[in-house]
Amino acid sequence: MTFVKYGRYGRPHDRVVRYDEKQQTISWGTSDMQRIQLVNVLEVLDGCQTKVFKRPSIYFNFKDSDLCFSLRTATRTLDLQAKDLKTKRDWLHGIRVLMANNGKIIRTVEERNSLQRKQNIFRRKLREN
């Protein structure tokens, strides 16, 4: 899926962002793929809440905060703008569902099955895009 990626330096630019189910990573980039392991994501932020989004720049006049979100790790953020609201909602929801297994004790078979169904739906959506 293509997003507009914002960084600490330079212009925002289009990047293909992927979820790798086997490695459980979110990656982006062209030849040198950048990656964030899902287990390292501390927080999923909705809107323009990070320093990257808040920095003054002539290039940032075109961002739509309703389409923006960030993944925060201990060492960096991945700041993205989706092409449309549905894509943003699908990715926010999907990432949160995939993260739900990290640190959460699943007490019943029903909870595990429900989480697995949600994760499978998101994985299928990512493969379709």
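The values are calculated or read from the model by the stated rules, or taken from the named source; none is laboratory data. All values reported here derive from a predicted model rather than from experimental measurement. Here the Cβ is made from the backbone with ideal geometry for all residues, glycine too, and neighbour counts use every protein chain on show.
Condition check: in contact with a strand residue (DSSP E or B) (Cβ under 9 Å, 6 or more places away or on another chain) and modelled with pLDDT under 90. Does His13 satisfy that? When the stated conditions are applied, His13 passes them. Put simply, of Asp66, Asp79 the only residue that is at pLDDT 90 or above and assigned to a helix (DSSP H, G or I) is Asp66.
Scanning region 22-54 for residues that are in a loop (DSSP other than H, G, I, E, B), surrounded by 12 or more Cβ atoms within 10 Å (Cβ to Cβ) and out of contact with any Ser or Thr (no Cβ under 9 Å at 6 or more places or on another chain) turns up Gln24, Gly29. Figure legend. Inter-residue proximity from region 109-126: first residues free of Cβ contacts under 8 Å to residues at least 60 places away in the same chain and more than 11 Å from Tyr19 (Cβ to Cβ), second residues small (Gly, Ala, Ser) and not in a helix (DSSP H, G or I), beta-carbon distance below 9 Å, spacing 6+ or different chains. Indicated pairs: Leu115/Ala100; Lys118/Ala100. In region 1-21, which residue that is part of a loop (DSSP other than H, G, I, E, B) and in contact with a Leu (Cβ under 9 Å, 6 or more places away or on another chain) is nearest to Leu80 (Cα to Cα)? The selected residue is Met1. Somewhere in region 22-36, is a residue touching a residue at least 60 places away in the same chain (Cβ under 8 Å) and either more than 22 Å from Met99 (Cβ to Cβ) or out of contact with any helix residue (DSSP H, G or I) (no Cβ under 7 Å at 6 or more places or on another chain) (or both)? No; the residues of region 22-36 include none that is touching a residue at least 60 places away in the same chain (Cβ under 8 Å) and either more than 22 Å from Met99 (Cβ to Cβ) or out of contact with any helix residue (DSSP H, G or I) (no Cβ under 7 Å at 6 or more places or on another chain) (or both).
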